[in-house]
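The block underneath contains the structure these notes are about, expressed in structure tokens.
The values are calculated or read from the model by the stated rules, or taken from the named source; none is laboratory data. Only a predicted model underlies this, so the values are computations on that prediction, with no experimental measurement involved. Cβ coordinates were reconstructed from backbone atoms using ideal geometry, including for glycine residues, and neighbour counts include every protein chain displayed. Accessible surface is based on the protein model in full, side chains and every heavy atom, while ligands, DNA and RNA are left aside. Shrake-Rupley method; radii C 1.70, N 1.55, O 1.52, S 1.80 Å.
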Number of protein chains: 2
Amino acid sequence: MSAPRLGSIESGGTKFVCLVGSAPDRIEAEIRFPTGEPGPTLARAIDFFRKAAAETGPLDAIGIASFGPLELRPGHAKFGRLAATPKPGWSGADIAGPVAAALNVPVGIDTDVNGAALGEGRWGAARGLDTYVYLTVGTGIGGGAVIGGEVVRGLVHTEMGHLAVPRVAGDAFPGSCPFHGDCWEGLAGGEAMHARWGTPAEELTGDALREALRLEAAYLAAGLRNIVYTTAPQRIVIGGGVAELPGLFPLLSAELTSALAGYPGLAEHSAGDFVVPARLGRLAGPAGGLVLAARAAAAARRRPSGTGPSGGRDA
Amino acid sequence: MSAPRLGSIESGGTKFVCLVGSAPDRIEAEIRFPTGEPGPTLARAIDFFRKAAAETGPLDAIGIASFGPLELRPGHAKFGRLAATPKPGWSGADIAGPVAAALNVPVGIDTDVNGAALGEGRWGAARGLDTYVYLTVGTGIGGGAVIGGEVVRGLVHTEMGHLAVPRVAGDAFPGSCPFHGDCWEGLAGGEAMHARWGTPAEELTGDALREALRLEAAYLAAGLRNIVYTTAPQRIVIGGGVAELPGLFPLLSAELTSALAGYPGLAEHSAGDFVVPARLGRLAGPAGGLVLAARAAAAARRRPSGTGPSGGRDA
């Protein structure tokens, strides 16, 4: 069988990335544009794929890794739609439906972090593992868990950024989350760091950077501990701008070992390959779209009807 | 096909429960005895099943729901053995191996909470759901997550009792966990309640009970919030002695709604059937053993060799 021709959409709150290809290093065509109103934005994406199909042949499927919150329960009337979001015009918007209807190909959809988790599992830092967590620590914090090869989705997708974590002693920063105040993201996301230190994290230097990293590692470790105890991952992969701060990972590994306090006493939790940087960088989301597209194509081959949006599960 | 004849062992730190049957309401034979040294204790269980098989016919499989921590990674050299445990004589003890070897039937094994989770899913409060969490709040706190029909196990089984949760303002109790001090179990398990209030929780009355319930509901809700955001369950089922305190569930549901703070804004999280009491009571663990046995029997039918201990996965 020749390599599939897949389309991928990373639907972000600020920009859309659309590409055609079969892997992050096999991309035939790509377009990026700012996220506007839903109608024209999706039309621009659809137009890109129409032209790609006309020029180089039909696509097998399209995968969408989208900002959320998304309705992803199979068979739900609002499947593939955004729930309430602060992004103007996008609350309730149907993302998967118009793409599937206009292009008449199988469409898979999941959240951007779940997509990135699948991308890192297929081509990145979680390759070969079936139970792992991908975390992005950027402006906010988001996490996707893959367990037994499948993305965790139950009543809703995971919302790891909003974990409750204990405060580090002496820290009086009120937190930046509009819902919870001092949740994990509210204490340790990039926006929280900016508000706490009065400057973006990537502009900190010297003692200020050291102090910020110390606190950040302690808070990230508290959340990682909760992820370890609830989902038992073989590895945790972390991407996003905050994860690129120099010197963060060794501190984080030490803080996690301290937070686990010898329980359940596995050497693997303190090993250098347990908490690792993401490998795909800004391609994690688009790569996730390709995995979702491949899964949608495979699911469609097993279905009589063929097209229409699906959740991108293998089963 | 006639009903299977299954054996179940609930291997607890204080007692063993062994039974033969096919469902919690179809039990042919049962024995309970205190947990002693591993050798004689397992011999007593094996003897019970041998007699049952001799008297009423061979067993199809045996399932073991055991106290932990257990090594459950398929193919691991120590599969089916206990890891380090404070229980004298049991560190490193092989639980599944001797049973399989002596009785020559397929043996499935998992932790007691994972077993109880499977039992509640098959016959109890999580019937019909494929993504849910079972929690026991007794002396300690333990939780098992079932996602997409499978128990969550990655590098190790889950250890939800040791979640990090923020302190309720004004609470200075140091916590009772020997590893973490003020983890979830250290703040909200039955042993913690006893130490905090100077009397076992079930003996509290009047204002003391009201105050204890208020604090307990707040702490339990913080941990449930972390479980909701990491595993997205359709329902959370809670068993154990603390869960039987009168009036706890309505308080807990209200505290969870408050802890989620409208995010992600699903009505289901505040509904009366989201956090519910366990239904099987003390039969949850033994029922879990029956599910593990049925899964081991099914797995053996798909394997050439037939017997030997397995993790009880369906796949």
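Descriptive notes on the structure:
- Across the alpha-carbon set of chain A, the Rg to Rh ratio works out to 0.98, Rh being the Kirkwood radius.
- Principal semi-axes in Å for the stretch A:1-48 [√(5λ), Cα gyration tensor, largest first]: 23, 10, 7
- Global geometry of the stretch B:35-189, whether rounded, prolate or oblate, following the gyration tensor of its Cα atoms and the 1.5 cut on a/c: prolate
- Normalising the average separation of contacting C-alpha pairs (under 8 angstrom, six or more residues apart) by the number of residues puts the relative contact order of chain B at 24 percent.
- Inter-chain Cβ neighbour average for residues A:179-185, partner chain, 10 Å: 3
- Cα-based radius of gyration of the stretch A:186-263 once divided by 2.2 N^0.38 Å, which approximates compact folds: 1.10
- Peptide A:217-227, shielding by other chains (average Cβ, 10 Å cutoff): 3
- Largest-first ellipsoid semi-axes for the protein assembly as shown, taking √(5λ) over the Cα gyration tensor eigenvalues, angstrom: 41, 31, 22
- Peptide A:159-170, shielding by other chains (average Cβ, 10 Å cutoff): 5
- Whether the stretch B:31-84 is rounded, prolate or oblate, judged on the alpha carbon gyration tensor where a/c under 1.5 counts as rounded: oblate
- Ranked by the mean number of other Cβ atoms within 10 Å of their residues, highest first, the peptides A:251-263, A:232-244 come out as A:232-244, A:251-263.
- The residues of the protein assembly as shown expose, per residue, 39 Å² of accessible area to a 1.4 Å probe.
- Evaluated at q = 0.12, 0.18, 0.20 Å⁻¹, a Debye calculation over the C-alpha positions of the stretch B:1-109 (equal weights, vacuum) places log10 I(q)/I(0) at -0.39, -0.85, -1.03.
- Karplus 3J(HN,Hα) series, Hz, for the stretch A:238-253 with 6.51 cos²θ - 1.76 cosθ + 1.60 (x for Gly, Pro): 10, x, x, x, 5, 5, 8, 4, x, x, 5, 5, x, 4, 5, 4
- Largest first, the extents of the alpha carbon coordinates of the stretch B:227-279 on the three principal axes equal 31, 19, 16 Å.
- Buried accessible area, chains A and B (both chains, 1.4 Å probe, Å² to nearest 100): 3600
- Between the alpha-carbon centres of the stretch A:1-70 and the stretch B:54-100 there is a gap of 50 Å.
- Ordering of A:132-143, B:7-18 by packing [mean C-beta count within 10 Å, highest first]: A:132-143, B:7-18
- Our coupling estimate for the stretch A:215-224, obtained by passing each phi through the Karplus curve with A = 6.51, B = -1.76, C = 1.60 and θ = phi - 60°, is 5, 4, 4, 5, 5, 4, 4, 4, x, 4 Hz, Gly and Pro reported as x.
- Centroid-to-centroid separation of the stretch A:241-293 and the stretch A:107-170 [C-alpha atoms, Å]: 11
- Using distinct alpha-carbon pairs, which all enter the 1/r mean, Kirkwood radius of the stretch A:56-127 in Å: 13.3
- Couplings for the stretch A:191-206, taken from phi via the Karplus curve 6.51 cos²θ - 1.76 cosθ + 1.60 with θ = phi - 60°, read 5, 5, 4, 4, 5, 5, 9, x, 7, x, 3, 6, 9, 6, 9, x Hz in order; Gly and Pro are left as x.
- Cβ-vector label at 7 Å, A:P4, separations to other copies in nm: 3.4
- Anisotropy class of the stretch A:125-278 from Cα gyration tensor, a/c 1.5 cut: prolate
- Cross-link partners of A:K15 among lysines, defined as those whose alpha carbon lies under 21 angstrom from its own and excluding same-chain residues fewer than eight positions apart: A:K51, A:K87.
- Among beta bridges that DSSP assigns inside the stretch A:125-278, antiparallel share in %, nearest 5: 55
- Chain A - percent of accessible surface contributed by carbon and sulfur, probe 1.4 Å: 54
- Label distances, nm, A:G272 versus same residue in remaining copies, Cβ-directed 7 Å point: 5.8
- Distances between copies of A:G92, taken at a point 7 Å out from Cα along the Cα→Cβ vector and listed shortest first: 6.5 nm.
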